[in-house]
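First comes the structure, then the notes that go with it.
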Amino acid sequence: MTTTTAPRAPRDRHAPRDRRARRGKAVTYALLGLGMLMMTAPFVWMGLSAFKTEQELSASPPAWIPADWTLANFHELLDVLDVPLHFFNSAVVAFFVTLCNLLFCSMLGYALAKLNFAGKKVVFGIVMAALMVPGNLMLMPKFVMMSKLNLIDTYAALILPFAAGAFGVFLMRQFMSAVPDELLEAARVDGAGEWYIFWRIVIPQVKPALATLSIFVFLGSWNNFLWPLVATNDPGKYTLPVALATFATDPTKADGSNGVLMAGALLVVLPVLVVFIVLQRFFTQSIATAGIK
């Protein structure tokens, strides 16, 4: 009588490789999660601390979740600072700086990407050189220029120096270079002018780039502290970061007011988060298509 043995299942040669791939993904996700935790923890702490009492803020060990949620910090902030005025100043400056950048940077980016004119390479070289100049280095020339124009303590002094930026021009130029030239030539053959081509054909093609530029410019303008501090002496023209920093450095007002400072910082951060949430779809799309030509 002969016995037969069942055939062995073929050995999967790819199993060790799959296991290594799964371990690699697990390590990657763990590192990304740790990085996200390290980045978001200060913001979460700030947001929760805005609703804590002074006793909870100074407690040891500290507690993340407030035991007694309170709006007293926000009420006190409204008492010591004219928050609506400073918020309005920040909103006006950030809105017009963003609007001007979207207009002027896209116009110059279109000219550098799709038009031929004398000195085009020189202009693009100036834009690239401007990218390498530290922003603080231009602080004094900007102040002298605004002073000569008698614009100190005005909204114009806070807006005009940042109405266009080299980064925005470079960004728009790169994205507009990806728009097919054949599409523009077909429009010109049909009799369309450059303004029509710019507004009706090119601009709709670069909406992700416009959204990305909006986020960067709005974020930079809203959080700008040094220039508004230099260009304004009138507290009525202070932006929210400047007003909050002035309050924080005044020992007669801010002593023992950590909760108030947290509430003010939360008010500074919230508009940026709203803008990013609204435009994040376009921002993600711009990153995904940045390398596609």
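Every number here is computed from the coordinates shown, using simple stated rules; none is lab data. Predicted model, so just to flag it, every value in this text is computed and none were measured. All Cβ positions, even for glycine, are placed from backbone atoms using ideal geometry, and neighbour counts span all protein chains on display.
Here are a few things to note about the model shown:
- Under the criterion of Cα pairs below 8 Å and six or more residues apart, the relative contact order for the range 120-273 equals 25 percent.
- Of the GluC sites (Glu not before Pro) in the range 175-250, not one is in a loop by DSSP (not H, G, I, E or B) with at most 10 other beta carbons within 10 Å.
- Computed helical MRE - 222 nm, the chain, DSSP H runs ≥ 4 contributing -39500 (n - 2.57), nearest 500: -21500 deg cm²/dmol
- Gaussian network model of the chain, Cα within-10 Å springs - most flexible of 264, 33, 236: 33
- When only Cα pairs below 8 angstrom with a gap of at least 6 residues are kept, the chain shows a relative contact order of 29 percent.
- Karplus-derived 3J(HN,Hα) values for the range 51-65, using 6.51 cos²θ - 1.76 cosθ + 1.60 with θ = phi - 60°, are 10, 9, 7, 4, 5, 5, 5, 9, 6, 9, x, x, 10, 6, 8 Hz; glycine and proline are entered as x.
- Eligible aspartates and glutamates near residue 114 by straight Cα distance, threshold 12 Å, same-chain separation 8 or greater: 181, 182, 185, 194
- Computed Rg/Rh of the chain, alpha carbon atoms with Kirkwood Rh: 1.15
- Largest GNM mean-square fluctuation among 53, 249, 28, using the chain with Cα springs under 10 Å: 28.
- Projected onto their three principal axes, the Cα atoms of the range 104-167 cover extents of 40, 21, 18 Å, largest first.
- Global geometry of the range 24-70, whether rounded, prolate or oblate, following the gyration tensor of its Cα atoms and the 1.5 cut on a/c: prolate
- Dipole in debye (nearest 20) - the chain, about Cα centre, beta carbon charges: Lys, Arg +1; Asp, Glu -1: 1960 debye
- Membrane-span-like helices in the chain (whole DSSP H runs, Cα extent of at least 18 Å along the helix axis, mean Kyte-Doolittle hydropathy of at least -0.5): 15-49, 83-114, 207-223, 258-288.
- Relative contact order for the range 66-175: 49 percent, from Cα pairs under 8 Å spaced at least 6 residues apart, divided by residue count.
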